[in-house]
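The next block holds one structure in the form of structure tokens; read it before the comments.
The values are calculated or read from the model by the stated rules, or taken from the named source; none is laboratory data. Here the structure is a predicted model, which is why all the values come from computation and not from measurement. Because the Cβ atoms are built from the backbone with ideal geometry, glycine has one as well, and the counts that use them run over all protein chains shown. With ligands, DNA and RNA removed, areas are computed over all heavy atoms of the protein, side chains included. Shrake-Rupley method; radii C 1.70, N 1.55, O 1.52, S 1.80 Å.
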Amino acid sequence: MACSQPQQPQQPQVPCLFIFGDSLVDNGNNNGILTLARANYGPYGIDFPEGATGRFTNGRTYVDILAQLLGFPAYIPPYARTRGRALLRGTNYASGAAGIRDETGNNLGDHMSMNQQVESFVRTVQELSRFFRGDLNALGTYLGKCIFYSGMGSNDYLNNYFMTDFYSTSSQFTPKAFAAALLQDYSKQLTDLYKWGARKVVVTGVGQIGCIPYELARYNGNGSRCNDEIDNAIILFNTGLKKLVDRFNKGQLPGAKFVYLDSYESSKDLVLNAKTYGFEVVDKGCCGVGKNNGQITCLPLQTPCDDRNKYLFWDAFHPTEVANILLAKKSYSTNSKSYAYPINIHQLAML
């Protein structure tokens, strides 16, 4: 019998993963800045081996699980703590409260907006060119194999358009005009990433925000469980984002392949089929205060619910680890174009 080969360490499917986004995927970039959008205290991270790291959930985030599915041996680190050769594996620029618009999230304090995250990526590319001895073609080829994930837009609605006591956008724009303005800015931001080397790009739509505990706590609706006004506004943005992906793929950005993730449909599915997934509570945070545990988000040292696996939401805004696992696996390997369009993330990695 032939002697068995020693196990080779698994190579990741792509050389690096770069992450742009908000608190759904932030893993510690906000820890050192002046903001209310922080999660570097317990009980955040109660189910994460390193404890409270600045992840806005009880365990792993969506991109932590995505990195594992892509075969990375470790989680992609936050940009705030990553320099030098480590950047070759990618980094996470996401910042809690961040939006497509610069003023979004200012009500919570400091953060890195999408424009600032793109600027940080430009600095990263300049830093990486050292390791390619200034050979920009070689660097371009390398970056062209990496996956870029961008999840933006939630806060432009939550912490801007629908926060009328702090922002005037809702009196300046109809929902349709606001979606168009966001998409115009976002299109430029994504095009900038392309100019600096992004070729395999995953963009995610905004989830069903009208149904998160924070909104349910504020909404006395007409019997429908969610705030339809918010959800209808988000659908306008998501529909436009999917069309933008089509335009990028059909030659507007030559050589690029964009994938659109429909977080709205996939988050709706978790609610509609809650029992199948083992969820018993889909309208309250596991940790929080007030109606639906959504009036005030999870406070330091607060005691969360016992069985996190039965809750869709960890706090007033963010999914539990188990929900993140379901969402990540679905977008990675789904055959349904209603979740990942036109291909899934595994197929994108293999291109």
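Among the residues of segment 50-76, the one identified as within 23 Å of ALA349 (Cβ to Cβ), in a loop (DSSP other than H, G, I, E, B) and without any contact (Cβ under 8 Å) to a residue 24 or more places away in the chain is ALA74. Restricting LEU193, LEU158, LEU182 to residues that are in contact (Cβ under 8 Å) with a residue 24 or more places away in the chain, open to solvent by less than 10 Å² (accessible area, probe 1.4 Å) and under 30 Å from ARG218 (Cβ atoms) narrows the list to LEU182. The residue list ARG83, ARG89, ARG60 contains one member that is buried (at least 22 other Cβ atoms within 10 Å of the Cβ) and either on the phi > 0 side of the Ramachandran plot or basic (Lys, Arg) (or both), which is ARG60. In segment 252-268, of all residues being under 9 Å from TYR341 (Cβ atoms) and of a type in the set (A, V, I, L, M, F, W, C), the one that is surrounded by the fewest Cβ atoms within 10 Å (Cβ to Cβ) corresponds to VAL259.
Matching residues to (1) within 22 Å of ALA97 (Cβ to Cβ); (2) at pLDDT 95 or above; (3) small (Gly, Ala, Ser):
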| residue | (1), (2), (3) |
| --- | --- |
| VAL203 | yes, yes, no |
| ASN227 | yes, no, no |
| PHE237 | yes, yes, no |
| LEU244 | no, yes, no |
| ARG247 | no, yes, no |
| PRO254 | no, yes, no |
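In this structure, is HIS318 open to solvent by 50 Å² or more (accessible area, probe 1.4 Å) and in contact with a Ser or Thr (Cβ under 6 Å, 6 or more places away or on another chain)?
Spelling it out, it is not the case that HIS318 is open to solvent by 50 Å² or more (accessible area, probe 1.4 Å) and in contact with a Ser or Thr (Cβ under 6 Å, 6 or more places away or on another chain).
Would you list the strands (runs of 3 or more DSSP E) that sit entirely within segment 218-329 and hold 1 or more residues that are touching a residue at least 24 places away in the same chain (Cβ under 8 Å) and more than 21 Å from the chain's Cα centre (by Cα)? Output list reads 281-285. Taken together, the residues in segment 337-351 that are part of a helix (DSSP H, G or I) and open to solvent by less than 30 Å² (accessible area, probe 1.4 Å) amount to 3.
Taken together, the criteria place LYS188 among residues that are basic (Lys, Arg), within 24 Å of ASP26 (Cβ to Cβ) and either free of Cβ contacts under 8 Å to residues at least 60 places away in the same chain or in contact with a helix residue (DSSP H, G or I) (Cβ under 7 Å, 6 or more places away or on another chain) (or both).
Looking at ASP102, ASP47, can you tell me which residue is under 18 Å from THR297 (Cβ atoms) and open to solvent by 20 Å² or more (accessible area, probe 1.4 Å)? Step through it out loud before you land on a result.
Working: ASP102 fails: under 18 Å from THR297 (Cβ atoms).
One residue alone meets the criteria, ASP47.
Taking the listed residues THR141, THR169, THR174, the one that is out of contact with any strand residue (DSSP E or B) (no Cβ under 6 Å at 6 or more places or on another chain), of a type in the set (S, T, N, Q) and open to solvent by less than 60 Å² (accessible area, probe 1.4 Å) is THR169, with no other qualifying. Would you check if there is a residue in segment 329-346 being hydrophobic (A, V, I, L, M, F, W, C), within 23 Å of ARG55 (Cβ to Cβ) and in contact with a Pro (Cβ under 8 Å, 6 or more places away or on another chain)? Within segment 329-346, none of the residues are hydrophobic (A, V, I, L, M, F, W, C), within 23 Å of ARG55 (Cβ to Cβ) and in contact with a Pro (Cβ under 8 Å, 6 or more places away or on another chain). Flag: PHE148 does not match the condition of being over 13 Å from GLY21 (Cβ atoms) and of a type in the set (Phe, Trp, Tyr).
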